[in-house]
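Trainee: Got a structure here, written out as structure tokens. Questions coming.
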Amino acid sequence: MTVDVESFPDPTDRASLESDRNFTLRIRDRERKLIGKIKEALERIEDGSFGECEKCGGDISFKRLQARPVTTLCIDCKKKQEASEKARGL
Ligand SMILES: [Zn+2]
């Protein structure tokens, strides 16, 4: 007599299936946000404000734009933003 494996699902398998799903959802969520940012970047290219820091109006360095084309802040403003986020415990 054999045991029907299907009726005894391994709880670890189910857990990993669940975390795979969460992982996929997280990726999708991140992609959706990134697509939104890319669209905004394209709009900025259209209106000529691409590469301009939205906070101080200064130029965002070419190197930074190469690494993060969707960024809207220059490195100085980004650092300030991150510091204040950290200060607020975000
Ligand atoms: Zn700036």
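Trainee: Counting only protein heavy atoms, what percent of the accessible surface of the chain is carbon or sulfur at a 1.4 Å probe?
Mentor: Its accessible area is 55 percent carbon and sulfur atoms.
Trainee: Let me ask something else about it. For Glu52, list long-range residues whose amide hydrogen, built 1.01 Å from N in the peptide plane, is under 5 Å from its own amide hydrogen.
Mentor: Under 5 Å from the amide H of Glu52: Ile60.
Trainee: From the P(r) of the stretch 51-90, can you give the percent of Cα pairs sitting at distances over 13 Å?
Mentor: Roughly 49 percent, rounded to a whole number.
Trainee: Enter the per residue convex hull volume of the stretch 27-67, computed from alpha-carbon coordinates, in Å³ rounded to the nearest integer.
Mentor: Cα convex hull per residue, to the nearest whole number: 76 Å³.
Trainee: Positive end of the charge dipole of the chain (Lys, Arg +1 and Asp, Glu -1 on Cβ, about the Cα centre): tell me which of Cys77, Ala67, Phe23 has its Cα farthest that way.
Mentor: Cys77
Trainee: Between Ala67 and Asp13, what is the label-to-label distance in nm when each label sits 7 Å out along the Cα-to-Cβ direction?
Mentor: With each label placed 7 Å out from Cα toward Cβ, I get 4.5 nm.
Trainee: While we're here: Mind putting a number on the dipole of the chain about its Cα centre? Charges go on the C-beta only, +1 for Lys and Arg and -1 for Asp and Glu, and I need it in Debye to the nearest 20.
Mentor: The calculated dipole for the chain is roughly 600 debye.
Trainee: Then there's this: With a 1.4 Å probe and all protein chains kept in place, how much accessible area does Thr12 have, in Å² rounded to the nearest 10?
Mentor: It works out to around 90 Å².
Trainee: How large is the helix-only mean residue ellipticity at 222 nm for the chain, computed as the sum of -39500 (n - 2.57) over DSSP H runs with n ≥ 4, divided by its residue count, in deg cm²/dmol to the nearest 500?
Mentor: -21000 deg cm²/dmol
Trainee: Residues of the chain: accessible area per residue at 1.4 Å, in Å²?
Mentor: That works out to 88 Å² per residue.
Trainee: I need the Debye-formula profile for the chain: one equal scatterer per C-alpha, no solvent, reported as log10 I(q)/I(0) at q = 0.12, 0.15, 0.18, 0.24 1/Å, two decimals.
Mentor: With one equal scatterer per Cα and no solvent, log10 I(q)/I(0) is -0.58, -0.75, -0.92, -1.15.
Trainee: Calculate one ³J(HN,Hα) per residue across the stretch 53-63 by plugging θ = phi - 60° into the Karplus curve 6.51 cos²θ - 1.76 cosθ + 1.60, and present them in order as whole Hz with x for glycine and proline.
Mentor: 5, 6, 8, 9, x, x, 6, 8, 4, 4, 4
The values are calculated or read from the model by the stated rules, or taken from the named source; none is laboratory data. Bear in mind the structure is a predicted one, so any value in this text is a computation, not a measurement. Glycine also receives a Cβ, built like all others from the backbone with ideal geometry; neighbour counts cover every protein chain displayed. Heads up: the accessible areas ignore ligands, DNA and RNA and are worked out on the full protein's heavy atoms, side chains in. Shrake-Rupley method; radii C 1.70, N 1.55, O 1.52, S 1.80 Å.
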